[in-house]
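Report on the following structure.
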Amino acid sequence: MREFDIIAIGGGSGGIATMNRAAIYGAKAAVIEGNLLGGTCVNVGCVPKKIMWYGSQIAEAIHHYGPEYGFTSQKVNFDFTTLRNNREAYIQRSRDSYGRTFNHNQVEVIEGYARFIDRHTVEVQGEKIRAKHIVIATGAKPAIPDIPGAELGIVSDHVFAWEELPTSVAVIGAGYIAVEMAGVLHGLGVKTDLFVRGDRPLRNFDNYITDALMDEMQRTQLPLHKHKIPIQLEKLDNGLIEIFFEDGSSHIAEQILWAIGRQPNLDQLNLEAAGVGLTKSGHIAVNEYQETTVEGIYALGDVTGQKELTPVAIKAGRLLAERLFNGQSQAKMDYSLIPTVVFSHPAIGTVGLTEEQAIAQFGADQIKVYTSSFTSMYTAMDQHRQLAKFKLVTLGPEETVVGLHGIGYGVDEMIQGFSVAIKMGARKADFDATVAIHPTGSEEFVLMR
């Protein structure tokens, strides 16, 4: 029986980061993975999505903005196979880099799926493996609704396996994945429709920002269908799929893409053998130190349902390794003020509380809001003028910035630096005291009155 100081069940971003950091401090570490190293983010998530988003941006530049800058062509060809092949080559290079890092840090990779035998033992392909510390980092998988014909639809994983683009797609969902996929496919020329259950996509985002997103969808002719609850899918004789909704309406497309949320990957783990407890939502229950209900077993990333973002899993894992193997007894993940970006068209960036959340938490009399609405200079010369909207949410007489939100060209690259300032307790006066960088979009955040 092989024995380790620490093992990670799951070779995604969280498991990889945890084991590398632990190994740096001398721990005998291993990653157990039955599929591809890198997990969702590298293989069927953030990385391929972002590459396709860039491709969609280039298409937008060629068809909408190029002529105003003097670039014209009789014909521009788009070869999806080239994009796909280059995307996959990039992903393979990322996976290869994991192997090199593991070799350098002496982290062992064990191929296969793990199941618990007891609190310190797992079994992988018939072999028993023991460890003092076991980290569950198995991530999550796309959810599919329990309705007739649901299996006729696909999930985001399948999109990255396409060898050619479909002619039409109906995207069902209102979160990050739904909005991003709809925007990318629409930009690449696929007839795309987005269907949401409520009155808007990204319902947990600031309404000022989502209003702007919906306006942009209308301007770019990406159909948004509100209050649509699917009840059934049927395949037609011509191979297309019809989706039926609760309100009696229906829609026909070549592909139906489910993007309604994700559920934790727990099926094969045999958690009962170790006694690991779950939350009401079915995620692994953890405390502030990523500890489960069983001593020596930890969980992090999407499997816990805590801020399902790749950098969160990475940071939580590294901090766990610091606590276990580097004497940092109080090291733990701070889940407040986490910045995030939605790669919509245009991008959305946000950190902290929305106006609605701030008012609910502190009261309307304690909250003051500043906004800015303008046209991105990049699009200002063209008839396809793209609006940008920014917002600061401040608290109390000191006007401490507790929320920052933006939608517009380049916002995805603006948010990180502002997040540092907000994490340090910046006030509106600190923003005002900062010299603006002109001409940029980001200067609007320090010029609001």
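The values are calculated or read from the model by the stated rules, or taken from the named source; none is laboratory data. Because the structure is predicted, anything quoted here is derived from the model rather than measured. Cβ coordinates were reconstructed from backbone atoms using ideal geometry, including for glycine residues, and neighbour counts include every protein chain displayed. For the accessible areas, the whole protein counts, side chains as well, though only heavy atoms, and no ligand, DNA or RNA atoms are used. Shrake-Rupley method; radii C 1.70, N 1.55, O 1.52, S 1.80 Å.
Just checking the listed ones, Lys315, Lys280, Lys226: in the Gaussian network model of the chain with Cα springs under 10 Å, the one fluctuating most is Lys280. Estimated from helical segments only, the mean residue ellipticity of the chain at 222 nm is -8500 deg cm²/dmol, where each DSSP H run of four or more residues counts as -39500 (n - 2.57). Label zone of Glu356 (point 7 Å out along Cα→Cβ, amide N under 18 Å): in the range 369-404 this covers 369-370, 390-394, 403-404.
Between Thr72 and Ala89, full extension at 0.36 nm per residue minus the direct alpha carbon distance yields a gain of 3.1 nm. Pick the calculated Cα extents along the principal axes in Å for this structure from [x] 71, 56, 43; [y] 68, 65, 44; [z] 74, 62, 51? Answer by label: [y]. The charge dipole of the chain, taken about its Cα centre with unit charges on the Cβ atoms of Lys, Arg (+1), Asp and Glu (-1) only, comes to about 860 debye.
Per-peptide packing, taken as the mean over residues of other Cβ atoms within 10 Å, places 430-440, 42-52 in the sequence 42-52, 430-440 from highest down. Candidates Gly425, Pro397, Ile407 compared by Cα position along the dipole of the range 390-449: farthest toward the positive end lies Pro397, with charges placed on Cβ. Note on the chain: GNM, Cα springs under 10 Å; of Phe80, Phe102, Phe71, the largest mean-square fluctuation is that of Phe71. Rounded to the nearest whole Hz, the Karplus-based 3J(HN,Hα) values (6.51 cos²θ - 1.76 cosθ + 1.60, θ = phi - 60°) of the range 194-205 follow the sequence 10, 10, 10, 6, x, 8, 6, x, 6, 5, 8, 8, with x at glycine and proline.
What part of the accessible area of the chain, given as a whole %, is carbon or sulfur when the probe is 1.4 angstrom? Carbon and sulfur atoms account for 50 percent of the accessible area of the chain.
Each Lys or Arg adds one and each Asp or Glu subtracts one; over the other residues with Cβ under 12 Å from the Cβ of Ile117, this totals 0. Rolling a 1.4 Å probe over the heavy atoms of the protein chains gives the chain an accessible area of 47 Å² per residue. Charged neighbours of Glu127, selected by a Cβ distance under 14 Å, balance to 0 (K, R count +1; D, E count -1). Largest first, the extents of the alpha carbon coordinates of the range 233-346 on the three principal axes equal 64, 42, 24 Å.
Cross-link candidates for Lys389: which lysines have Cα within less than 21 Å, leaving aside residues fewer than 8 places away along the same chain? List returned: Lys368, Lys428.
Couplings 3J(HN,Hα) for the range 156-165, derived from phi with the Karplus relation 6.51 cos²θ - 1.76 cosθ + 1.60 (θ = phi - 60°), are 4, 3, 5, 4, 7, 9, 4, 9, 8, 7 Hz, where x marks Gly and Pro. In the chain, Cα pairs under 8 Å separated by at least six residues give a relative contact order of 16 percent. Take the Cβ atoms of His158 and Ser376, set R0 to 30 Å, and the FRET efficiency comes out at 0.35. Computed over the range 87-131, relative contact order equals 20 percent, with contacts defined as Cα pairs under 8 Å that lie 6+ residues apart. Each residue, Met424 and Glu398, gets one label point 7 Å from its Cα in the Cβ direction; the gap between the two is 1.5 nm.
A Cα-only calculation for the range 192-245 places Rg and Dmax at 13.8, 44 Å.
Under the shape rule built on the C-alpha gyration tensor, where the axes satisfy a ≥ b ≥ c, the range 1-52 is oblate, since a/c reaches at least 1.5 while a/b does not exceed b/c.
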